[in-house]
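Okay, so here's the structure we're looking at.
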Amino acid sequence: MNTLTTMQETFVSDIRSIINNARATAVRNVDFCRVQMYWQLGKRIFEEEQQGKERADYGSYLIKNLALRLEPEYGSGFGHRQLERARQFYREYPIASAVRSQLNWAQYRLLMQISDPDKREYYELEAVNNAWTGRELKRQIDSLLYERLLMSNDKESVLSVARKERIPESPTEIVKDPMVLEFLGLKPQASYYERDLEQAIISHIAEFMLEMGKGFSFVARQKRILLEDDEFFIDLVFYNRLLRCFVVVELKTGELTHQDLGQLQMYVNYYDRTERVAGENPTIGILLCTRKNDTMVRMALPEDNNTILASQYQLYLPTTEQLQAEVEEVKRLARANETKVENE
């Protein structure tokens, strides 16, 4: 390609970037104008409603009649349900400056369904911090991300990271247990091999890194390492910019064994001794499995271990009841361990 052609291609590329950026900005502006419109509608409805506060059903009456006037003229976006949401929106966000321009109306509709203010704040902040789409936000809410993080962290530490008051200090603040991998499309009851799981993850690498947590970038698949005359292959290697370390991932389609932990420890040691450079933190190893014995995991690893994690994965979205049962089991094991330590 000659110099003139290269200049022309650069010029066209620059023009395309200008157009695409302008279009994206226009879409964001339109989305935020819609959010502001519903906030103003909610404010005005709420103010009018307060004038008839002596009548318990005045708010419902007001919105119903308003919808009858607006919907024929402006469409379904101004029906009874949407006007109810607008009123709720204002009541949840009474300060205009608290409404975030990065979120659209569909995302706020999802957030308003969350009654716990801390939980709602977490998802709101993370949607902004990670530029989640409405679909990604729904998926994280449906997969109970907040609750899964609370299984290994306290509420304040989870919220402080989301608020950017501090950066994560340990792998458990980022990596979830369990991980939910329903996006892979593998059937929970089907028979499949580790290579099938690996291929499915590679085919959905963006979704997998989103599920793993913040700050991950993909490095290698089936990373070959040679120890004298023996070859070994690490399933997946990532780098986490927040923790400033390599993350090696081993996949198991069955129950976790102590031999699996030993192999993962060898891979972690290899990366620490041959790949890690000055300024980087120790390598983290994650063993993804379908089942694990938490007591066996603790006994197989050093007491001060903070680099080897065993995380179960699920191929379906958990129900709130299922996750609550897991939370209670984690709490029970933690209390039992504390009691054992106190008695020793």
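We did not get these values from a lab; they are worked out from the coordinates using the rules stated. Keep in mind that this is a model prediction, so the values were computed, not measured. Positions of Cβ are generated from backbone atoms using ideal geometry, with glycine treated the same way; all protein chains shown enter the neighbour counts.
Overview of values
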quantity: Three-way shape label, the chain, alpha-carbon gyration tensor, a/c 1.5; calculated: oblate
quantity: Under 10 Å, Cβ to Cβ, from Ala106 - net charge with Lys/Arg +1 and Asp/Glu -1; calculated: +3
quantity: Cut-off 10 Å between beta-carbons: net charge of the residues surrounding Glu182, Lys and Arg +1, Asp and Glu -1; calculated: -2
quantity: DSSP beta bridges in the chain [antiparallel fraction, %, rounded to 5]; calculated: 55 percent
quantity: Exposure proxy ranking, count of Cβ atoms within 10 Å, fewest first, for His204, His258; calculated: His258, His204
quantity: Loop sites in region 100-209: GluC sites (Glu not before Pro), DSSP, at most 16 other Cβ within 10 Å; calculated: Glu165, Glu169
quantity: Trypsin sites (Lys or Arg not before Pro) within region 135-188: DSSP coil, no more than 16 neighbouring Cβ in 10 Å; calculated: Arg163, Lys164, Arg166
quantity: Estimated dipole of region 171-318 in Debye, rounded to 20 [Cβ of Lys and Arg +1, of Asp and Glu -1, Cα centre]; calculated: 360 debye
quantity: Radius of gyration and Dmax over the Cα atoms of region 171-318, both given in Å; calculated: 14.7, 45
